[in-house]
Amino acid sequence: MSEVIRQEPAIDGWFATDSSGSPYLIGSRCPHCGTYVFPPRSTNCPNPACSSDTLESVALSRRGTLWSYTENRYAPPPPYPAPDPFEPFAIAAVQLADEGLIVLGKVVEGTLAADLKVGMEMELTTMPLFTDDDGVQRVVHAWRIAS
Ligand SMILES: [Zn+2]
């Protein structure tokens, strides 16, 4: 494994950090009908009853309730990076508190499906996904059981 020189998001523009250091997801909202979108984009409201082609960038709720989850027990195929040896991990679908939008994400290390229950309060965090050959640790948004 490479030595970590710095951290960068695995995908630019999906999350940011507020002044207290807490991460939040960046989504989009239609100013005409109020529909939320994640991942963020600047055009094409997904509401079939709305003809707006402009979406605004918004900060999304940091908390939500666990809507569904699963556990991945098989290493994903390349090009998705997977540690060797592979460690099972949970994936959560969390319904955001204010927006109602359901956002998928990995669940932090140490929490597997047996620890999860639909309806639980979850909160956003971040976690390393992998470290590339240049020592850049790529970080993704993730869910953890809310404290
Ligand atoms: Zn709309």
Study note, to complete from the structure: If R0 = 22 Å, then D132 and I91, at their Cβ-Cβ distance, give a FRET efficiency to the nearest 0.05 of 0.45
Check your understanding: If you bin every alpha carbon distance in the range 50-115 into 5 Å steps from zero, what whole percent lands in each bin?
Key -> 4, 14, 19, 17, 14, 13, 10, 5, 3, 0
Point to revise | Span from the the range 63-91 Cα centroid across to the the range 9-44 one, whole angstrom | key: 23
Revision key, fill the gap. Counting only DSSP loop positions in the range 18-90, the chymotrypsin sites (Phe, Trp or Tyr not before Pro) whose Cβ has at most 15 other Cβ atoms within 10 Å are Y74, F86
Study note, to complete from the structure: Taking GluC sites (Glu not before Pro) as exposed when in a DSSP loop with at most 14 other Cβ atoms inside 10 Å, the chain has its longest clean stretch at 4-108
Review point. Of all trypsin sites (Lys or Arg not before Pro) in the range 36-87, which ones are in loop regions per DSSP and have a Cβ with at most 16 other Cβ atoms within 10 Å?
Key: R41, R73
Practice item. Using θ = phi - 60° and the Karplus relation 6.51 cos²θ - 1.76 cosθ + 1.60, list the HN-Hα couplings for the range 83-98 in order, rounded to whole Hz, with x at every Gly or Pro. Key: x, 10, x, 5, 10, x, 9, 8, 10, 10, 10, 10, 8, 5, 4, 8
Practice item. Would you calculate the separation in nanometres between label points at Y24 and E71, each defined as 7 Å from the Cα along the Cα-to-beta-carbon direction? Key: 3.4
Practice item. Name the residues whose placed amide hydrogens come within less than 5 Å of the amide hydrogen of V140, ignoring near sequence neighbours (fewer than 5 apart) on the same chain. Key: A10, M127, L129
Point to revise | Note, ³J(HN,Hα) from phi for the range 37-51, Karplus 6.51, -1.76, 1.60, rounded to Hz, x at Gly and Pro | key: 9, 8, x, x, 8, 9, 9, 6, 4, x, 6, x, 8, 10, 9
Check your understanding: Taking θ as phi - 60°, what are the ³J(HN,Hα) couplings along the range 131-138 by the Karplus curve (6.51, -1.76, 1.60), each to the nearest whole Hz, with x for Gly and Pro?
Key -> 10, 7, 5, 8, x, 8, 7, 8
Point to revise | q = 0.12, 0.14, 0.17 Å⁻¹, the range 8-143: log10 I(q)/I(0) [Debye, one scatterer per Cα] | key: -0.54, -0.72, -0.99
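Only the coordinates and a few stated rules stand behind these numbers; no lab work does. Please read all numbers here as calculations on a predicted model, not as lab measurements. Cβ sites come from the backbone with ideal geometry, for glycine too, and all protein chains shown count toward neighbours.
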